[in-house]
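Each reported figure results from applying straightforward, stated rules to the coordinates on display, with no laboratory input. Everything numeric here is computed off the predicted structure, so don't read it as measured data. Using ideal geometry, Cβ is built from the backbone for each residue, glycine included, and neighbour counts are taken over all protein chains shown.
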Amino acid sequence: MILVDANVLLYAYNSSFDQHTTARAWLEQAVAGPEPVGLAWLTI
């Protein structure tokens, strides 16, 4: 299982971050991949 860090979620969501494009691409690929993706309760 892949646990996504809160910063990755913020970067993927907010296009004003320099890391936006990279984080969004990684997150989309991770969610579409075969391995389960989870969020820690504190991240939500």
*Quick one: ASP5, ASP18, fewest Cβ neighbours within 10 Å first, how do they rank?*
ASP18, ASP5
*asked:* Which of the three applies to the chain, rounded, prolate or oblate, going by the alpha-carbon gyration tensor with a ≥ b ≥ c and a/c under 1.5 meaning rounded?
replied: oblate
*asked:* At a 10 angstrom cut-off on C-beta neighbours, averaged per residue, how do the peptides 8-17, 26-35 rank from highest to lowest?
replied: 8-17, 26-35
*Residue separation times 0.36 nm, minus the C-alpha to C-alpha distance between GLN19 and VAL37: what's the value?*
4.5 nm
